[in-house]
Amino acid sequence: MADKEKLGNFTPENAPEYEDVLQCMRCGFCLPTCPTFALTGRERSSPRGRVSLARAVAEGKLEFTEAVKEEAFFCLDCRACTTACPSGVRAGEVMEICRSQAHQFFPLKHVSKSFREFVLQKMLPNPDLLETSMLPARLYQKLGIQWLVRHSQLLKLGPEWVDKAERMIPELHPPLRPQLADVIPAEGEQRGRVAFFLGCIMTLMYPEVSRQTVRVLTHQGFEVVTPKEQKCCGAPHLTEGDRDTTKLIAQHNLDLFMALDVDAIVTDCAGCGAALKEYEELLEEAGEHDKLATFRAKIKDVSEFLAEQGLRTEGLKPVKKIVTYHEPCHLCHAQGISKQPRELIKAIPGIVYREMEEASWCCGSAATFSLKYTTESQQILNRKLENIRATGAELLVTANPGCHLQLAWGLKQAGMIQEVVHITELLGIATG
């Protein structure tokens, strides 16, 4: 990204490339794919409308106004428009950069700014501090305080997002990162050696999912290396417009994982995988092009990796369940991984697979979007829930923690029966 010369009314620091906003032909192919445009019908809330705003700022025809800031954060960054665009316009990435610009044009007040900097620059890049920060939440659940709070209806007295955030929290367990051995040997004939990128949300909120990921990989014949020094992938920082901290984190993870002798770097978090694959562009000014290209080629979502290597199905136990699949946006649109999860699900004996309508339509989670825009997020989620209901499935499979949180909460609120499971949990059940 150009940050040396001023581009129109953007600030020089972390400004978008002009070519990125010039490519849009305004053909409108993106419009039917955009959840926020479907909700509002506003041109400015569509991908081409947002890119047009960015282009107007780049050409000096428009100041970076509150409206530009609002649209930058109102974008789900689901990347569905990127999949649909014949010109390769990446509106979501342009909006990520505009969020960085928004913090320069409209800086937060002192308390909010200090809190944001602490979370993004101190807590998230520090695994030990991040894990310690979750201890009060675990005690909140274990000591019965959560039960008291929920039954007292106290949460209804505050903002809607507070009640939703509290009810989205799954049952918490000790983080997985300290529990995993540095190296776990393959079972049976070894097929390769992989590094495991354990995402922050996965180790903190879904440790049992990632435990199954490692278990499935070793059962499939791969030795698993988990470097404990790894840091957050940087996805939350990109979402909140902190590109500078993202670059520091990215360089750390790049050096750490490239020092390992592994065939692939596997993750079970779609958001992490998408962010890791963007390191090549994020760090392009560092000049380590061969290293970055090799790193990107090694990054694999667990479903992508297992589909490429071929799933060992001998010994898998039947799972007699009706299953449907929700595609995480940052898996299908950001990474182009769509058929592989379905192939793995269908390869499990006993599964009855039913395809969901609009499986790749966003669930309305989108990191902090579901809390910043609770009403709009609920409307997007309702559309997804109706499609899930129509399948008659017993299990809803997905592959991203943000989707998992949103969908599990939504299903419970709607009184629906489906249980949400990660694809490696499903494979773990079959592994026995």
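The values are calculated or read from the model by the stated rules, or taken from the named source; none is laboratory data. Because the structure is predicted, anything quoted here is derived from the model rather than measured. Every residue, glycine among them, receives a Cβ derived from its backbone with ideal geometry; neighbour counts consider all protein chains shown.
Here are some notes:
- Filtered residues of segment 1-16 (kept if of a type outside the set (A, V, I, L, M, F, W, C) and surrounded by fewer than 22 Cβ atoms within 10 Å (Cβ to Cβ)): Asp3, Lys4, Glu5, Lys6, Gly8, Asn9, Thr11, Pro12, Glu13
- Residue list for segment 105-138, restricted to those being among the β-branched types (Val, Ile, Thr) and within 25 Å of Pro207 (Cβ to Cβ): Val119, Thr132
- Lone qualifier among Glu355, Glu281 - being among the acidic types (Asp, Glu) and in a helix (DSSP H, G or I): Glu281
- Screening segment 17-86 for helices (runs of 4 or more DSSP H) wholly inside it with 2 or more residues that are surrounded by 21 or more Cβ atoms within 10 Å (Cβ to Cβ) and of a type outside the set (D, E, K, R) returns the ranges 35-40, 47-58, 66-74, 80-84.
- Residue match in segment 392-401 (condition: part of a loop (DSSP other than H, G, I, E, B), more than 28 Å from Cys233 (Cβ to Cβ) and modelled with pLDDT under 95): no
- Set side by side, the residues Pro349, Pro341, Pro318 differ, and just one is under 18 Å from the mean Cα position of the chain (by Cα) and touching a residue at least 24 places away in the same chain (Cβ under 8 Å), which is Pro341.
- Residues in segment 195-225 that are in contact (Cβ under 8 Å) with a residue 40 or more places away in the chain, among the polar types (S, T, N, Q) and in a helix (DSSP H, G or I): Thr203, Ser210, Gln212, Thr213.
- Residue in segment 198-238 that is farthest from Gly428 (Cα to Cα), counting only those that are surrounded by fewer than 20 Cβ atoms within 10 Å (Cβ to Cβ) and touching a Lys or Arg at 6+ places or on another chain (Cβ under 6 Å): Glu223
- Within segment 338-367, being crowded, with 23+ Cβ neighbours inside 10 Å, out of contact with any Gly (no Cβ under 8 Å at 6 or more places or on another chain) and either under 18 Å from Arg90 (Cα atoms) or basic (Lys, Arg) (or both) holds for one residue alone: Cys362.
- Test: Glu304 is acidic (Asp, Glu), in a loop (DSSP other than H, G, I, E, B) and within 24 Å of the chain's Cα centre (by Cα): no
- Screening Ser370 against (1) surrounded by 20 or more Cβ atoms within 10 Å (Cβ to Cβ); (2) not in a helix (DSSP H, G or I) leaves a single unmet condition, (2).
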